[in-house]
Amino acid sequence: MSEKNNPSFYKKISKQFPEVMSAAAALGTTLRTAGPLDEKTSHLVQLAAAATMQSEGSVCSHTRRALEVGASPEEISHTLLLLITTIGFPQAMAALSWSQAVIEKKTNK
């Protein structure tokens, strides 16, 4: 797993820049609660956006977050499969592979 996808790297940066990371987290919470979408749906939307940007770290993060708020592995996979006609097969498969690695790690504990 690369450093950018490593939760311990996130923790390290959070310790180094606590005010910045706290502000970013607060903004995320504010945005997720500003409208009618529930938290699970919000993370699935953010997961799809991360996939379109080919942001491996963000795909991994939103996969973890979606699982934590009750998304099933099937919902996560479906979210990414829906992108095939929008971002292309190779990009969607890359995102799906990153997401599956997180799911496998979480379910094998």
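The values are calculated or read from the model by the stated rules, or taken from the named source; none is laboratory data. Please read all numbers here as calculations on a predicted model, not as lab measurements. Don't worry about glycine lacking a Cβ; one is built from the backbone with ideal geometry, like all the others, and counts go over all protein chains shown.
Data for the structure
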{"item": "In region 86-109, residue farthest from the chain's Cα centre (by Cα) [restricted to those that are of a type in the set (S, T, N, Q) and closer than 16 Å to Ala49 by Cβ]", "result": "Thr86"}
{"item": "Residue in region 66-78 that is surrounded by the most Cβ atoms within 10 Å (Cβ to Cβ), counting only those that are assigned to a helix (DSSP H, G or I) and hydrophobic (A, V, I, L, M, F, W, C)", "result": "Ala66"}
{"item": "Flag if Thr63 is in a helix (DSSP H, G or I), under 9 Å from the mean Cα position of the chain (by Cα), of a type outside the set (A, V, I, L, M, F, W, C) and modelled with pLDDT of 95 or more", "result": "yes"}
{"item": "Out of Leu31, Leu81, sole residue that is free of Cβ contacts under 8 Å to residues at least 24 places away in the same chain, surrounded by fewer than 18 Cβ atoms within 10 Å (Cβ to Cβ) and in contact with a helix residue (DSSP H, G or I) (Cβ under 7 Å, 6 or more places away or on another chain)", "result": "Leu81"}
{"item": "Options Pro18, Pro73: the member that is of a type outside the set (Asp, Glu) and more than 14 Å from Ile103 (Cα to Cα)", "result": "Pro18"}
